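Asks: The structure is given below, and queries will be raised subsequently.
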Amino acid sequence: MKKALVSIAFGLTASLFATGASAQATLNSVKQKGFLTCGSNTGLAGFGQPDAQGNWTGLDVDLCRAIAAAIFDDPTKVRFIPLAAKDRFTALQSGEVDVLSRNSTATMSRDTQLGLDFPVINYFDGQGFMVRKKLGVSSAKELNGASICTQQGTTTELNLADYFRANNMKYEVVAFATSDETFKAYDAGRCDAFTTDASGLYAERLRASAPDDHIVLPEIISKEPLGPAVRHGDNNWGDIVRWVHNAMLNAEELGVTKANVEQMKTSTNPEIKRLLGTEGKFGEAIGLTNDWAVRVIKHVGNYGESFEKNVGEGSRLKIKRGQNALWTKGGLQYGIPVR
Amino acid sequence: MQTAVSQTSPPKKSFLYDPKVRGIFYQVVLVAAIIFLFYMAATNAIENLQRAKIASGFGFLNNTAGFDISQTLIQFSAAGGTYGDAFIVGLLNTLVVSAIGIFFTTFLGFLIGIARLSKNWVVANVAMVYVEVLRNVPLLVQLLFWYIAVLGALPQPRNSLEMGAGFYLNSRGLFMARPLWGDTIWVLVAVLAIGIVGTLLYRRWAKQQQERTGRQSPVGKVALALLLGLPILTWILLALLGTNPITFELPRKGTFNLTGGMQVLPEFVALLLGLVTYTAAFIAEIVRAGILAVSKGQTEAAGSLGLKPGQTLRLVVVPQAMRVIIPPLTSQYLNLTKNSSLAVAIGYPDLVQVFMGTVLNQTGQAIEVVVITMGVYLTISLVTSFFMNIYNRRMAIVER
Ligand SMILES: N[C@@H](CCC(=O)N[C@@H](CS)C(=O)NCC(=O)O)C(=O)O
């Protein structure tokens, strides 16, 4: 609540009295500050979460670390600002954060009416439902009359309304301001079902008092292309975010990893040479150094490495690559070429 | 005449030096400067929003909302409802919890305030502990306590607690029979109206009679008979005639929960409980202070005139205490209304939760939404103050 008020107040004053941003403004201000401010989740296992020591980890967190690495050659030069769903866009609009990397769905209204851009999709997702096993429900189509806990200010609460309307079913929605409140209410028995992005379901289930008492229903009711967001208008900054993610994808495709990136610099493969900056001046074109991608891969790893470590086999979530596999492996992640 | 005027008026000075003119001049300048500042801020904001490609203006209120709300006092659905409708839903939810809250907290607050002054040691101390505990724990904590305690203690819908007379309780709320109006409901309404008018007339007559002769009439009993007895009798009569004016739809067991009937959400109950018990602690102190402010001589004088303690309290002490009580009581009413916005923490869809939460986020129009919300709270507060001031004036000492 306080957080919300602060960021709203901040946003109001900023938009009342600030003057417009010039080109390259974000990159310059980040360099000047000496660190990147990254809007992150308040705590979503595998995607963005601080540990007991306050170290942030997760797939979305890694993207911010990768951007910092590309700029400063140091992945720790990031300040994470945890944002609840309903505060996140105001915080980005007002300049409180430089980039929002927090399981946010790219939609047309967010892109065009909130003054934002979504340069890339770093996780293809869809919305699902979780219920208690003892309810004996095995499909979302059986949820007629159920009460459902969800979080405010999300695409989730809109999809929910759409789905029940389209299937001619009744439901009772109970909406909360934060994911903490939402999940606690579900766990305490206020609702029959809990709904959010499928990734979020798996992450939240780990928080349940008895995770094995809950199942995720098979239906995926929406498209949730999750990705980082930046302010509309600073195209250079958007380019940096776009190319950092694409560098991680291309690195995975070309077999460049955290471990072998230094050796790969001597590779004769022209694609690798352009990626790692031993040929061409691609880094300079976006206001960085030409070894920008080396920095990203050296400190954070390629997309596959980040995925497996945070949400895949190396994590408690054990999410399959699925749609997030590279296009060469039947997935949707497609690195656009560096050339 | 004219010479007299010119004699008494001061020597002619330039009107520039007239302090009154100067005063007005400075005030006009100040007002103009403030208006200019607001104008600048507004145009600058609009310009900045447009440059940042952020939507602005109030047109969004007519757009389809696309989300549902748990408690709606007007017809509202994701399909047909607009953001403007969602605003009204939230506003009504705020008003309803505030109005019911003010009613109960006044009652509870007076009870506890009077109890604190009780000569009974136990009663006085229980009241004191109540006041000290409730006003010293932050309201947010109390709300979370009520919500989690209420939720945690209640059974799941499949094991609903049956309380008789169509009342059920479970973790989805309180369920009760929904009255369905029959064709003859107008008879009942008419009888009730007759009862109300009759009571008012009788009260006037009783007062006049007392002023003339000093004889008292059983106003309470007559009112009860007219307001309750008469309608109930009519109802029974109509039912016997086979045209029951009110029938009840009882909650039934559904797949997940009880369906049909009426449902009071646990969020509402928790918020109401929290607001009522918290504000009552403050009102109790105000009432105690008000009663103590009435000089003891008044009580003694009433006693020597033969009034019983209850009558003394009702007829002598409280009316005088009210003059001290009303102004701070008004601020407690305003506090309760504004505190109802803590609903966000427990998912009750009040104005702040629905409008500043969901609508602000789905539309991204922070400035408009915040300005509207502030305007609403300001209006509610001013209207409450207005009526309380009227009441205050009526209760003020009438100098004779
Ligand atoms: N992808 C959806 C939902 C994102 C979202 O906020 N999900 C929730 C539930 S998993 C969340 O991460 N909440 C954490 C928080 O608000 O702190 C959107 O962009 O609207």
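The values are calculated or read from the model by the stated rules, or taken from the named source; none is laboratory data. A quick note: this is a predicted structure, and the numbers were derived from the prediction, not measured. Cβ: placed from backbone, ideal geometry, glycine included. Neighbour counts: every protein chain shown. Just so you know, the surface numbers come from the protein's heavy atoms only, side chains and all, with ligands and any DNA or RNA stripped out. Shrake-Rupley method; radii C 1.70, N 1.55, O 1.52, S 1.80 Å.
Asks: Here is the link list: A:Lys86/A:Lys309; A:Lys133/A:Lys184; A:Lys133/A:Lys170; A:Lys86/B:Lys338. Which ones come out longer than 24 Å on Cα distance? Could you put the intermediate results ahead of the total?
Replies: Working: A:Lys86/A:Lys309 29 Å; A:Lys133/A:Lys184 17 Å; A:Lys133/A:Lys170 21 Å; A:Lys86/B:Lys338 21 Å.
Checking Cα-Cα distances, A:Lys86/A:Lys309 exceed 24 Å.
Asks: Find which of B:Gly198, B:Gln208, B:Ile102 sits farthest along the positive direction of the dipole of the range B:54-210, computed with +1 on the beta-carbon of Lys and Arg, -1 on that of Asp and Glu, about the Cα centre.
Replies: B:Gln208
Asks: Go through A:Ala45, A:Asn55, B:Ile380 and say which Cα lies farthest out towards the positive end of the charge dipole of the protein assembly as shown; charges sit on Cβ, +1 for Lys and Arg, -1 for Asp and Glu.
Replies: Result: B:Ile380, furthest along the dipole toward the positive end.
Asks: Amide H neighbours of A:Lys258 under 5 Å, at least 5 residues apart or on other chains, H built in the peptide plane: list them.
Replies: For A:Lys258, the qualifying residues are A:Asn302.
Asks: Note the full-extension length gain between B:Phe386 and B:Phe167 as 0.36 nm times their separation in residues minus their Cα-Cα distance, in nm to one decimal.
Replies: Gain on extension, B:Phe386 to B:Phe167, equals 74.9 nm.
Asks: Can you tell me the FRET efficiency between B:Thr247 and B:Asn159 if r is taken as the Cβ-Cβ distance and R0 is 30 Å, rounded to the nearest 0.05?
Replies: 0.60
Asks: Which order do A:Arg65, B:Arg215 take when ranked by solvent-accessible area (1.4 Å probe, heavy atoms of all protein chains), largest first?
Replies: Numbers: A:Arg65 45, B:Arg215 145 Å².
Sorted by accessible area, descending: B:Arg215, A:Arg65.
Asks: Right, something else. Using alpha-carbon pairs under 8 Å, 6+ residues apart, how would you state the relative contact order of chain A in percent? Can you show the working numbers first?
Replies: On the way: 643 pairs, mean separation 72.0, N = 339.
In percent, rounded to a whole number, it is 21.
Asks: Would you pull out the residues with amide H under 5 Å of B:Ala293's amide H, same chain only if 5 or more places away, H placed 1.01 Å from N?
Replies: Here the answer is none, since no amide H 5 or more places off falls under 5 Å of that of B:Ala293.
Asks: So who's got an amide H within less than 5 Å of the one on A:Leu116, skipping anything under 5 residues away but keeping other chains? H placed 1.01 Å off N, in plane.
Replies: Correct list: A:His232.
Asks: Still on this structure: Roughly how much accessible area, to the nearest 100 Å², goes out of reach of solvent when A and B pair up, both sides summed, probe 1.4 Å?
Replies: Result for this pair: about 3800 Å² buried.
Asks: Using the Cα centre as the reference, give the magnitude of the dipole from point charges on the C-beta atoms of the range B:178-249 (Lys, Arg: +1; Asp, Glu: -1; all else neutral), rounded to the nearest 20 debye.
Replies: Computed about the Cα centre, the dipole is about 500 debye.
Asks: Once you have the Cα-Cα distance between A:Met108 and A:Ala259, take 0.36 nm times their residue separation minus that, and quote the gain in nm to one decimal.
Replies: 50.4 nm
Asks: Under the definition of Cα pairs under 8 Å and six or more residues apart, what whole-number percent is the relative contact order of the range B:178-249?
Replies: Relative contact order, the range B:178-249: 58 percent.
Asks: Here is the link list: B:Lys119/B:Lys296; A:Lys141/A:Lys223; A:Lys134/B:Lys253; A:Lys298/A:Lys329; A:Lys77/A:Lys258; A:Lys31/A:Lys258. Which ones come out longer than 21 Å on Cα distance?
Replies: Cα-Cα > 21 Å for A:Lys298/A:Lys329; A:Lys31/A:Lys258; rest within.
Asks: Here is a follow-up. In a Gaussian network model over chain B where Cα atoms closer than 10 Å are linked, find which of B:Val376, B:Val131, B:Val189 has the largest mean-square fluctuation.
Replies: B:Val189
Asks: Related question: Could you identify which residue out of B:Val354, B:Val126, B:Val187 has the top mean-square fluctuation in a GNM of chain B using Cα springs shorter than 10 Å?
Replies: Result: B:Val187 has the largest fluctuation of those listed.
Asks: Mind listing which GluC sites (Glu not before Pro) in the range A:239-339 are in a DSSP loop and have 15 or fewer other Cβ atoms within 10 Å?
Replies: Passing sites in the range A:239-339 are A:Glu279, A:Glu313.
Asks: Something else: How big is the charge dipole of the protein assembly as shown about its Cα centre, in debye rounded to the nearest 20, if each Lys and Arg gets +1 on its Cβ and each Asp and Glu gets -1 on its Cβ?
Replies: Details: 67 positive and 52 negative charges, 548 e Å.
Here the protein assembly as shown has a charge dipole of around 2640 debye.
Asks: Along the Cα→Cβ direction, 7 angstrom out, place labels at A:Lys170 and B:Phe104. What is the inter-label distance in nm?
Replies: 2.6 nm
Asks: Could you grab the relative contact order for chain B? Cα pairs under 8 Å, six or more apart, rounded to a whole percent.
Replies: 22 percent
Asks: Per-residue ellipticity at 222 nm for chain B, helices alone: DSSP H runs ≥ 4 residues times -39500 (n - 2.57), over residue total, nearest 500 deg cm²/dmol?
Replies: Value at 222 nm, helices only, nearest 500: -20500 deg cm²/dmol.
Asks: Sticking with this structure for a sec: Determine the dipole magnitude for the range A:214-254: charges of +1 sit on the beta-carbon of Lys and Arg, -1 on that of Asp and Glu, nothing else is charged, the reference point is the Cα centre, and the result goes in debye to the nearest 20. Intermediate values should be presented prior to the final figure.
Replies: Working: 3 positive and 6 negative charges, 29 e Å.
Using only the charged Cβ atoms, the result is roughly 140 debye.
Asks: Right, another one. Given C-alpha coordinates of the range B:178-249, what is the ratio Rg to Rh with the Kirkwood estimate of Rh?
Replies: Over the Cα atoms of the range B:178-249, Rg/Rh equals 1.16.
Asks: Give the average, rounded to an integer, of partner chain Cβ atoms located within 10 angstrom of each Cβ in B:344-352. Can you show the working numbers first?
Replies: Details: counts 8, 5, 5, 12, 1, 4, 0, 0, 3.
Taking the mean over all residues of the peptide, I get 4.
Asks: Which order do you get for A:Asp213, A:Asp62 if you rank them by accessible area with a 1.4 Å probe, largest at the top?
Replies: Working: A:Asp213 85, A:Asp62 10 Å².
I get A:Asp213, A:Asp62, largest accessible area first.
Asks: Would you mind telling me the share, in percent, of accessible area of chain A contributed by carbon and sulfur at probe 1.4 angstrom?
Replies: Ligands and nucleic acids excluded, carbon and sulfur reach 53 percent.
Asks: Using label points projected 7 Å from each Cα along Cα→Cβ, tell me how many nm separate B:Val123 and B:Leu230, to one decimal.
Replies: 3.5 nm
Asks: Which whole-Hz ³J(HN,Hα) couplings does the range B:58-74 yield from phi under the Karplus relation 6.51 cos²θ - 1.76 cosθ + 1.60, θ = phi - 60°, glycine and proline marked x?
Replies: Using θ = phi - 60°, the values come out as 9, x, 4, 4, 8, 7, 5, 6, x, 10, 10, 10, 5, 10, 10, 7, 10 Hz.
Asks: Moving on. If you count only protein heavy atoms with a 1.4 Å probe, what accessible area per residue comes out for chain A, rounded to a whole Å²? Mind dumping the intermediate values first?
Replies: Details: 13360 Å² over 339 residues.
With all protein chains present, chain A gives 39 Å² per residue.
Asks: Continuing with the same structure: Using a Gaussian network model of chain B whose springs link C-alpha atoms within less than 10 Å, name the residue from B:Met262, B:Met163, B:Met322 with the highest mean-square fluctuation.
Replies: B:Met163
Asks: Now, a different point. For the range B:381-391, in order, what is each residue's ³J(HN,Hα) by Karplus, 6.51 cos²θ - 1.76 cosθ + 1.60 with θ = phi - 60°, in whole Hz (x at glycine and Pro)?
Replies: 5, 5, 5, 4, 4, 4, 5, 5, 5, 4, 4
Asks: Taking only protein heavy atoms and a 1.4 Å probe, what accessible area per residue, in Å², does chain B have with all protein chains in place?
Replies: About 58 Å² of surface per residue is accessible.
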